[in-house]
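Asker: Pasting a structure here, questions to come.
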Amino acid sequence: MNPSQKETGGSLDRSIAAVVAGQATGTGRRGRKSAETRLRLFRCALKLFAERGFPSVTVEEITEAADVGKGTFFNYFETKDHVLGVMAEIQVARILGCAAAIAQGERPVRSVLRGLALELAEEPGRSPELARAAISAFLASAVVRELVSGRMVAGRRAIAEYVEQGQRRGEIDARLNKEAVAVQFQQALMGTMLLWSLDGQPSLAARVEESFEHFWRAVASASGGRA
C-alpha cells in the first residue's frame, strides 16, 4: 500500500466489508453468513460490471457468479442498480471516517484531505474498466444517479466542515466559501477518475496526487497552508 494511503487509517477491505455488511440481517453466526453473502454478491457484481459493462450484466449472472439463488440477491439489494449504490455508501463512510482525525488536530487538514482523496480513488481505481462501468451506470440509470447524488451531498457536507477546520487553523484561505471548496474537491477527484478511465495510465493514485496538489495550491492560505 502506498504510504500516503495509510494516512486515513484502516484497510480497504475492512472498510468495504464493514459498509457492505452493514445492511445484512441477523446476529451471531447467521449474521456473519448474511454479511459474507452480501459482500460476495457485491464483489461478483463489480467484477462482472468491469468485464462486460453495467447494462449487459443480469441479476442471474451475478447470483450464478456468487453461487447463490436468484432470490437471495433481492434479500440484500432492491435492484441491480442498488449494488452501485453500495460503492457510494463506501465512499461516504470513508469521508465521515476522517472526522476523528480532523477533530483531534494531530495532523494537518492538508494531510487528511490528501489521504482521503487517495482512499476515495482506491475502489474505482481497481481497473479502468470498473471506473468506466460505474461512470456509464451513473449516466444511464436514474436510480444510480439518485443514489450517488444523495451520497455525494452527504459527503460534500462533511468535507465542507473539514475545510472550515482548515480555515480556523490557518491552512485554508479563510476568504473562500467552504461549500464551494468542497465542491471543487469532489470535481477534481471525479474529473481525474474520468480521464484516467480512458487509458489507465499512469496509475489513478499518481493522477490523484497530482490533481490534489493543484487543488491545494488553489485553496491554501498564504501563511502556512502550503507546507
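Asker: Are any residues in region 93-118 open to solvent by 40 Å² or more (accessible area, probe 1.4 Å) and among the hydrophobic types (A, V, I, L, M, F, W, C), and if so, which ones?
Answerer: Ala93, Leu96, Ala99, Ala100, Ala103
Asker: Which condition does Gly125 not pass, out of (1) surrounded by fewer than 20 Cβ atoms within 10 Å (Cβ to Cβ); (2) assigned to a helix (DSSP H, G or I), if it passes all the others?
Answerer: (1)
Asker: Which of the residues spanning region 190-220 are at pLDDT below 95 and within 18 Å of Ala160 (Cα to Cα)?
Answerer: Of everything in region 190-220, just one residue is at pLDDT below 95 and within 18 Å of Ala160 (Cα to Cα), namely Met190.
Asker: Against the definition (open to solvent by less than 30 Å² (accessible area, probe 1.4 Å), in contact with a Lys or Arg (Cβ under 7 Å, 6 or more places away or on another chain), over 27 Å from Lys33 (Cα atoms) and in a helix (DSSP H, G or I)), how does Ala158 come out, yes or no?
Answerer: Against the criterion (open to solvent by less than 30 Å² (accessible area, probe 1.4 Å), in contact with a Lys or Arg (Cβ under 7 Å, 6 or more places away or on another chain), over 27 Å from Lys33 (Cα atoms) and in a helix (DSSP H, G or I)), Ala158 does not qualify.
Asker: Give the residue, chosen from Arg94, Arg107, Arg132, that is basic (Lys, Arg) and under 22 Å from Ala220 (Cβ atoms).
Answerer: From the options Arg94, Arg107, Arg132, the qualifying one is Arg107.
The values are calculated or read from the model by the stated rules, or taken from the named source; none is laboratory data. Remember, it's a predicted structure, so these values are computed and weren't measured experimentally. Here the Cβ is made from the backbone with ideal geometry for all residues, glycine too, and neighbour counts use every protein chain on show. Note: accessible area is taken over every heavy atom of the protein model, side chains too, but ligands, DNA and RNA are not part of it. Shrake-Rupley method; radii C 1.70, N 1.55, O 1.52, S 1.80 Å.
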